[in-house]
1. What does the helix-only formula give at 222 nm for the chain: each DSSP H stretch with n ≥ 4 adding -39500 (n - 2.57), the total divided by the residues, and the result rounded to the nearest 500 deg cm²/dmol?
2. When the accessible area of the stretch 1-81 is computed with all protein chains present and a 1.4 Å probe, what percentage of it is carbon and sulfur?
3. Compute the angle between helix 63-74 and the longest alpha-carbon principal axis of the chain, please, reported from 0 to 90 degrees and rounded to the nearest 10.
4. Just to confirm my numbers, what's the Cα centroid distance between the stretch 279-294 and the stretch 1-59 in Å?
5. Set the bar at 20 Å for Cα to Cα. Now go through Lys29/Lys75; Lys68/Lys209; Lys157/Lys211 and name every pair that lies beyond it.
6. May I ask you to list the chymotrypsin sites (Phe, Trp or Tyr not before Pro) in the stretch 50-141 that are in a DSSP loop and have at most 15 other Cβ atoms within 10 Å of their Cβ?
7. If you count only protein heavy atoms and use a 1.4 Å probe, how large is the accessible surface of His82, to the nearest 10 Å²?
8. How much area per residue is accessible in the stretch 73-220 when the probe is 1.4 Å and only protein heavy atoms are counted (Å²)?
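The values are calculated or read from the model by the stated rules, or taken from the named source; none is laboratory data. Quick caveat: nothing in here was measured; it's all calculated off a predicted structure. Reconstructed Cβ throughout: ideal geometry from the backbone, glycine too, with neighbour counts over all protein chains shown. Surface accessibility is based on the protein's heavy atoms, side chains included, excluding ligands, DNA and RNA. Shrake-Rupley method; radii C 1.70, N 1.55, O 1.52, S 1.80 Å.
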Amino acid sequence: MTIETDVAIIGAGPIGLFAVFELGLLDLKCHLIDILDRPGGQCTELYPEKPIYDIPGLPIVTGQELVKRLLEQIKPFDPQFHFGEMATGLEKLADGRWKLKTDAGTEIVAPVIVVAAGAGSFQPKRPPVPGIEKFENAGDGIGVHYAVRKMETFRGKNILIAGGGDSALDWVINLAPLAKSVTLVHHRDGFRAAQHSVNQMRELEAAGKVKFHVASVKQVHGEPGKLTGVTLSGADKSEWHHETDTFLPFFGLTIKLGPIAEFGINLHENLIPVDTARFESQTPGIFAIGDINSYTGKLKLILSGFHEAALMAQAAFHICKPNEKLRFQYTTSSSNLQKKLGVS
Ligand SMILES: Cc1cc2nc3c(=O)[nH]c(=O)nc-3n(C[C@H](O)[C@H](O)[C@H](O)COP(=O)(O)OP(=O)(O)OC[C@H]3O[C@@H](n4cnc5c(N)ncnc54)[C@H](O)[C@@H]3O)c2cc1C
């Protein structure tokens, strides 16, 4: 699928999200790619419930609430999200635009690329089960998966989920209605997930729709590419065989710069050096904002990334619309901006 747009943004963390607002005010349309299955980057993945105290005008706001408010703020600009996709390749086209490719086959052609990739892409931790890698990438809905990209591919399957956090419980709850069976295993009878998710999981367990064992996966069985079952080990060290078509381990995420390192953008210590007037990398048309960039005096704060997004948008406008003049306007007094925001 090839999409043409004004700006392709790598990363839907808080800074990628706010970039949509600043670009939208200038009539620039955006597509965002994130390897995660939801927006918010570090705010959502690392500290959703923690209060942040240094967002201007919001004396206290949790990571998750900030993301919710950013999504509300950018809604008028109808950003298009590509979740669960890794930006894997970048190529310059003969007409001067860029083609950004993802591992899901999406191709986005745009004159401007904004790298808002934070500390890099969140990648799943592989559990310490010997030979597990032989069952990865086995195909839709079978074998070992670290993310659910299309729920439908798991319909009618026997699913084993391992983990005790939000992702594990969210997928138990979401997949239970369409799976043949869902079994959850966790090494203790307690969870790190939101209480309402724990309650829902317990209700499904009580209704016989989900099985839960205090156990861990010791071994995986089957032919390479075709998982047939696992050996589970209980708290009392007893072991038993469990038949399953698919195994979804949710053991947390690590952050790696990932494929951006191969994009040919100049990097210094895994960060993208930028100028502080445009927040453009040393490759014209490729901008870097938020935690991924570096410049003298850089502070890795959300506040700094918001400022960077505003200046980046002004520069991006001149690349996307070279024959148009940019007029500085306030949202308070410009009826034109208010119309775009749907408030007048
Ligand atoms: C515990 C903790 C507390 C914090 N508290 C505060 C605070 O109080 N105040 C404050 O201002 N800041 C705080 N921060 C820092 C703040 O969270 C970061 O500055 C902010 O998240 C940076 O936003 P970002 O959008 O640049 O990057 P991120 O939030 O890291 O988002 C980047 C996104 O890009 C995606 N991505 C990267 N590469 C790819 C790729 N190749 N393909 C697809 N997707 C990709 C990632 O999956 C990620 O979702 C805190 C951070 C932590 C960890």
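1. It lands at -7000 deg cm²/dmol.
2. Carbon and sulfur together cover 53 percent of it.
3. With rounding to tens, the tilt is 50 degrees.
4. Centre-to-centre (Cα) distance: 15 Å.
5. Lys68/Lys209
6. Numbers: sites: Tyr53, Phe77, Phe81, Phe83, Trp98, Phe122, Phe135; in loops: Tyr53.
Of the chymotrypsin sites (Phe, Trp or Tyr not before Pro), the ones in loops of the stretch 50-141 whose Cβ has at most 15 other Cβ atoms within 10 Å are Tyr53.
7. For His82, solvent-accessible area is about 20 Å².
8. 47
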